[in-house]
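S.K.: Before I ask anything, here is the structure I am working with.
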Amino acid sequence: MEQVNENLEIAKRGHVNSLTHDELELYEKVKNIYAERVHVGCTSCNYCMPCPKGVDIPLNLSLLNDVYMYKNLEKPTGNYKFLKGKRMSAGYCNQCGDCEKNAPKTLK
Ligand code: SF4
């Protein structure tokens, strides 16, 4: 509740065009850094699913993006092993191409 009240107080002070030029510049800079690190532009819309081989495509792509975003293999590797144990990892893909036909974005 304390956090909700704090957020409400902050929201009361915010208004349209309240960011300074420097703040907007910083926002753009940070946004571009994140955008450059995204490896696959997957939004987890799930239109590529279901995969006939059981691959959880959005989750595999999310793990791949985590590797590039955080430049850290440890956590994504652990999660990938979990997916592999559930037979949902990209390693089970037989490249049938169904997901690429159904996805609104390119998955390559
Ligand atoms: S190519 Fe086929 S088997 Fe591979 S992830 Fe896409 S739908 Fe699944």
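S.K.: Taking K and R as +1 and D and E as -1, what net charge do the other residues with C-beta under 14 Å from the C-beta of His21 add up to? Mind showing how you got there, number by number?
M.R.: Values: positive: Lys29; negative: Asp22, Glu23, Glu25, Glu28.
Net local charge, His21 excluded: -3.
S.K.: Could you quote the convex hull projected area for segment 18-108, Cα atoms only and averaged over all directions, in nm²? Please report the intermediate quantities before stating the final value.
M.R.: Working: hull surface 29.4 nm².
For the Cα atoms of segment 18-108, the hull's average projected area reads 7.4 nm².
S.K.: With θ set to phi - 60°, apply the Karplus curve 6.51 cos²θ - 1.76 cosθ + 1.60 along segment 92-106 and write out the HN-Hα couplings as whole Hz, x wherever there is a Gly or Pro.
M.R.: 8, 5, 10, 6, 5, x, 4, 5, 5, 5, 8, 6, x, 10, 6
S.K.: Run the quick spin-label model on His15 and Val40: label points 7 Å from Cα toward the beta carbon, then report their separation in nm to one decimal.
M.R.: Here the answer is 4.6 nm between the modelled labels.
S.K.: Using protein chains only and a probe of 1.4 angstrom, how many square angstrom of His15 are accessible, to the nearest 10?
M.R.: Surface accessible to solvent at His15 totals approximately 120 Å².
S.K.: Counting only C-alpha contacts under 8 Å and six or more residues apart, can you give the relative contact order of segment 41-108 as a whole percent?
M.R.: It comes to 47 percent, rounded to a whole number.
S.K.: Keeping every protein chain in place, order Met69, Met49 by accessible area at 1.4 Å, biggest value first, i.e. largest first.
M.R.: Met49, Met69
S.K.: Oh, and also: May I ask you to list, by number, the DSSP H helices of the chain whose Cα span along the axis is at least 18 Å and whose average Kyte-Doolittle hydropathy reaches -0.5 or more?
M.R.: 57-70
S.K.: Using a probe of 1.4 angstrom, how much of the accessible area of the chain is carbon and sulfur, in percent?
M.R.: 55
S.K.: Quick check: residue separation of Asn5 and Lys81 times 0.36 nm, minus the Cα distance between them. What number comes out in nm?
M.R.: Stretched fully, the Asn5-Lys81 segment lengthens by 23.3 nm.
S.K.: Something else about it: Could you give the accessible area per residue of segment 41-108, probe 1.4 Å, as a whole number in Å²?
M.R.: About 72 Å² of surface per residue is accessible.
S.K.: While we're looking at this one, here's another question. Among all the lysines, which ones have a C-alpha under 20 Å from Lys81's C-alpha, if same-chain residues fewer than 8 places away are not counted?
M.R.: Qualifying lysines at Cα under 20 Å: Lys53, Lys71.
S.K.: Could you work out the Kirkwood radius for segment 60-103, taking every pair of different alpha carbons, averaging 1/r and inverting it, reported in Å?
M.R.: 11.4
S.K.: Taking the mean number of other Cβ atoms within 10 Å as a proxy for protection, how do you rank 25-32, 51-58 from highest to lowest?
M.R.: The peptides rank, most packed first, as 51-58, 25-32.
The values are calculated or read from the model by the stated rules, or taken from the named source; none is laboratory data. Keep in mind the model is a prediction, meaning the values are calculated, not measured. Glycine gets a Cβ as well: all are built from the backbone with ideal geometry, and neighbour counts include every protein chain shown. When the accessible area is computed, the model is the full protein with side chains, heavy atoms only, and any ligands, DNA or RNA have been set aside. Shrake-Rupley method; radii C 1.70, N 1.55, O 1.52, S 1.80 Å.
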